[in-house]
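Heads up, the thing below is written out as structure tokens.
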């Protein structure tokens with residue numbers, strides 16, 4: 001055996017070919033070298049080597065004296081035995097064929113490709129290396145694979161032999177004491193048939209599993225019932241999996257029926273093999289299927305196919321002939337760990353282009369799968385174990401770092417990130433979805449579902465709030481788009497979910513599955529368009545997926561942890577999740593629509609609005625407490641808003657919103673988590689509600705930054721900031737905050753303290769007064785005391801100004817309006833207060849003194865000096881005297897404010913409105 005560092009090769013080697021990859025990540029390759037024999041004639045020699053990626057060393061396993069067309073190879077665990085497959089063209093005689101299975105088809109064939117299998121002990125010197133022919137020759141595809149073991153120094157080596165449409169056999173090679181293998185040229189090996197006729201097979205080197213597709217009867221015939229004449233017995237394809245062990249028999253761990261279109265009904269191959277060494281698959285050109293899995297319990301069945309619908313697709317074509325030559329490019333990804341299947345169809349692809357497209361299915365990180373189709377698109381599927389699949393991203397095919405000449409990328413094992421190899425050129429190409437590419441897709445794409453999925457990716461999976469801010473900048477450029485509120489809703493929902501699950505106790509992490517995740521709740525059917533290429537995506541639920549698996553107690557070694565037991569546990573969790581749905585913020589919004597009608601802030605105090613069903617949140621139960629919870633998790637700059645975070649009323653409406661959120665979420669968690677203690681429920685609910693307030697503040701700050709209003713750079717805050725803004729910036733800020741307010745309110749998220757007054761005053765300075773009144777009538781604006789004071793002071797006491805003030809006072813609660821009337825030094829205020837005072841006396845309401853009026857002692861003194869006579873006359877029968885006599889009969893002198901009544905009467909005789 002010869003070792004070479006890759007950099008030491010001379011460059012004369014050519015026609016490099018990939019032959020396989022083993023469990024440890026090592027690659028088997030072949031190449032040709034040119035040599036000169038004894039006669040001086042140049043000839044080509046084939047070589048097989050084993051490349052170790054970690055050391056960047058290529059170990060030459062064997063060199064042949066001639067050119068050999070090797071299509072696949074494998075080595076054992078100790079790298080001492082080499083098995084390989086050759087493929088040569090032969091000319092069958094007219095009277096005999098290579099194998100009897102193909103005897104019906106060889107009469108029309110002038111040459112036939114034949115597969116042969118060999119095994120070689122690579123420890124022998126080069127001159128003693130002689131491949132052992134196992135005596136198998138087939139025109140159907142033939143592959144070989146060594147099984148890897150965990151134990152060292154085992155006396156036998158096992159390998160699988162695949163013969164397409166015929167069988168898969170398990171063979172054992174007995175090793176001699178000196179370590180050399182004991183084999184017979186006539187194939188006298190210990191052979192066991194593990195699979196009979198199959199149409200497709202794939203080997204998983206990491207988990208030592210064999211997937212294969214075979215046919216079963218689709219319906220059972222009742223005993224005694226005969227099959228109808230002329231009707232063929234229908235067979236349905238079934239995907240099964242064999243799990244191999246070191247010291248135990250293999251076992252069937254999976255049996256799942258498949259719905260595969262365009263599968264051949266008989267065992268006749270389609271006529272061509274592509275010889276896929278990575279991953280090792282045995283199939284003909286009638287079926288392009290691949291299983292992608294992860295030892296954590298992720299199993300994906302990826303099927304790519306083409307079909308032409310009955311009706312030609314409605315696409316932009318140049319002629320009817322071109323339209324008839326288009327097909328639908330389709331693929332499905334069955335997610336066993338989620339019990340669902342994702343169907344994707346791209347219509348209108350030219351047949352000449354579609355038939356050479358080979359999609360790449362590769363796991364990307366822990367939570368995604370990349371489907372890359374050269375020249376068409378890149379699809380990032382959200383298929384991880386963290387949550388249900390819902391947010392899939394469709395991008396253009398131009399991923400950075402991928403050359404234009406690539407045609408067939410295959411993912412490699414044991415490589416950092418997602419590294420693929422281009423089979424025609426053998427170039428290693430990283431399959432990377434960059435932030436810049438996603439930002440470009442977000443800005444150039446107007447598909448709402450795609451934009452929501454990109455926001456979900458950065459919020460939940462990446463935690464990249466800087467990129468989210470960059471994306472919102474582009475959204476803010478078109479604030480009147482109908483999709484803007486839903487994009488903002490995705491930011492607060494996804495951000496609150498990501499923030500709440502951080503730093504949670506391990507015992508409470510199971511409750512995260514009940515928290516709101518995204519505005520894309522269920523993907524049933526949607527259309528996505530990127531670069532004039534549309535895709536229809538549907539997602540369906542599989543029925544009772546767990547029944548297709550072997551349960552842990554039925555395994556050869558019960559409850560031994562491996563990929564299949566993890567898959568079983570994941571499916572058990574999924575069944576529980578179906579019965580325990582996620583919390584929906586819309587439920588809180590519906591309840592707030594009712595409760596806020598009856599909500600009276602003046603009748604409440606902070607101590608009477610608890611933030612949880614039992615005890616207070618963190619003590620006093622205020623918004624400040626929630627801010628203290630989120631204070632340690634804030635991103636830089638998230639604590640500065642363009643207004644002062646204070647409320648002028650005794651009990652904030654936002655405390656009521658938080659209280660309802662906390663109560664409803666706690667009840668939902670208690671109802672759907674029988675195994676969790678109330679303490680864990682309270683911790684998760686509290687963290688989530690605190691995260692709601694945190695994301696509400698964060699989004700408010702982002703919207704202000706999008707309007708070029710940065711609190712760090714502005715000299716003023718609050719109402720003064722609104723006054724100093726120019727008209728254009730004020731309008732942009734109002735438009736963005738209006739979208740923000742709608743998004744937050746519809747999701748029942750709490751608003752930051754001080755926002756309602758700031759937003760109301762901003763609307764007052766931006767909108768016309770008639771439009772401002774419409775916003776008030778629709779309960780968009782709230783007239784708090786602080787904003788009413790500044791509006792009252794800003795409005796002049798002209799005839800029109802007084803009318804405006806009176807219109808605004810009608811929108812206020814009675815007690816708040818009375819306080820403002822007391823502070824309004826105007827005759828109209830005096831008359832309104834006097835009329836209300838008289839109305840209270842006449843209606844029998846006691847103790848109706850207005851706050852700020854002279855006390856009883858002052859009134860008594862006033863009455864004693866003036867008496868009851870007002871405007872004295874000879875008969876003492878003036879209207880005011882008569883009215884005061886009536887009031888005296890209804891109430892005591894101590895309850896009457898004669899000064900207010902007389903002053904209002906005198907004022908009414910004056911012309912005070914210009």
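The values are calculated or read from the model by the stated rules, or taken from the named source; none is laboratory data. It should be emphasised that the depicted structure is a prediction, and the values quoted were computed from it without experimental measurement. Positions of Cβ are generated from backbone atoms using ideal geometry, with glycine treated the same way; all protein chains shown enter the neighbour counts.
Things worth noting here:
- Those strands (runs of 3 or more DSSP E) lying entirely in segment 325-410 with at least 2 residues farther than 25 Å from residue 448 by Cα: 326-335, 360-364
Here's the yes/no breakdown for (1) within 23 Å of residue 283 (Cβ to Cβ); (2) part of a strand (DSSP E or B); (3) touching a strand residue (DSSP E or B) at 6+ places or on another chain (Cβ under 8 Å); (4) modelled with pLDDT of 90 or more:
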residue: 152; (1), (2), (3), (4): no, no, no, no
residue: 179; (1), (2), (3), (4): no, no, no, no
residue: 185; (1), (2), (3), (4): no, no, yes, no
residue: 194; (1), (2), (3), (4): yes, yes, yes, yes
residue: 203; (1), (2), (3), (4): yes, yes, yes, yes
residue: 207; (1), (2), (3), (4): yes, no, yes, yes
residue: 211; (1), (2), (3), (4): yes, yes, yes, yes
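- In the condition set (1) in a strand (DSSP E or B); (2) surrounded by fewer than 19 Cβ atoms within 10 Å (Cβ to Cβ); (3) in contact (Cβ under 8 Å) with a residue 24 or more places away in the chain, residue 25 is compliant with all but (1).
- Some residue of segment 434-442 being more than 30 Å from residue 28 (Cα to Cα) and assigned to a loop (DSSP other than H, G, I, E, B): yes
- Check on residue 55, in contact with a strand residue (DSSP E or B) (Cβ under 9 Å, 6 or more places away or on another chain), outside any strand (DSSP E or B) and modelled with pLDDT under 90: yes
- When we screen 445, 422 for residues that are surrounded by 18 or more Cβ atoms within 10 Å (Cβ to Cβ) and at pLDDT below 85, the only hit is 445.
- Flag for residue 787 being at pLDDT below 85, more than 27 Å from residue 895 (Cα to Cα) and buried (at least 19 other Cβ atoms within 10 Å of the Cβ): no
- A single entry from 524, 536 fulfils the requirement of being at negative phi and modelled with pLDDT under 85: 524.
- Residue list for segment 456-471, restricted to those being in contact with a strand residue (DSSP E or B) (Cβ under 9 Å, 6 or more places away or on another chain) and surrounded by fewer than 20 Cβ atoms within 10 Å (Cβ to Cβ): 461
- Scanning segment 697-707 turns up one or more residues that are outside any helix (DSSP H, G or I) and either closer than 23 Å to residue 758 by Cβ or at pLDDT 90 or above (or both).
- Breaking point among (1) in contact (Cβ under 8 Å) with a residue 24 or more places away in the chain; (2) within 46 Å of the chain's Cα centre (by Cα); (3) closer than 26 Å to residue 652 by Cα, for residue 779: (1)
- Search result, residues across segment 744-755 that are under 19 Å from residue 642 (Cα atoms) and in a helix (DSSP H, G or I): 744, 755
- Residues within segment 237-287 that are modelled with pLDDT of 80 or more and part of a loop (DSSP other than H, G, I, E, B), tallied: 22
- The set of residues in segment 85-111 being at pLDDT below 85, surrounded by 16 or more Cβ atoms within 10 Å (Cβ to Cβ) and within 18 Å of residue 163 (Cα to Cα) consists of 97, 98, 99, 101, 102.
- Qualifying positions in segment 477-512 - buried (at least 20 other Cβ atoms within 10 Å of the Cβ) and farther than 27 Å from residue 701 by Cα: 508, 511
- Of the helices (runs of 4 or more DSSP H) lying entirely inside segment 443-561, those carrying at least 3 residues that are more than 14 Å from the chain's Cα centre (by Cα) and farther than 25 Å from residue 366 by Cα are 465-476, 484-500.
- Scanning segment 631-674 for residues being assigned to a helix (DSSP H, G or I) and at pLDDT 60 or above gives a total of 19.
- Considering each residue of segment 764-781 in turn, at least one proves to be touching a helix residue (DSSP H, G or I) at 6+ places or on another chain (Cβ under 6 Å), assigned to a helix (DSSP H, G or I) and buried (at least 22 other Cβ atoms within 10 Å of the Cβ).
- All told, residue 368 falls short of being more than 23 Å from residue 19 (Cβ to Cβ), under 22 Å from the mean Cα position of the chain (by Cα) and surrounded by fewer than 16 Cβ atoms within 10 Å (Cβ to Cβ).
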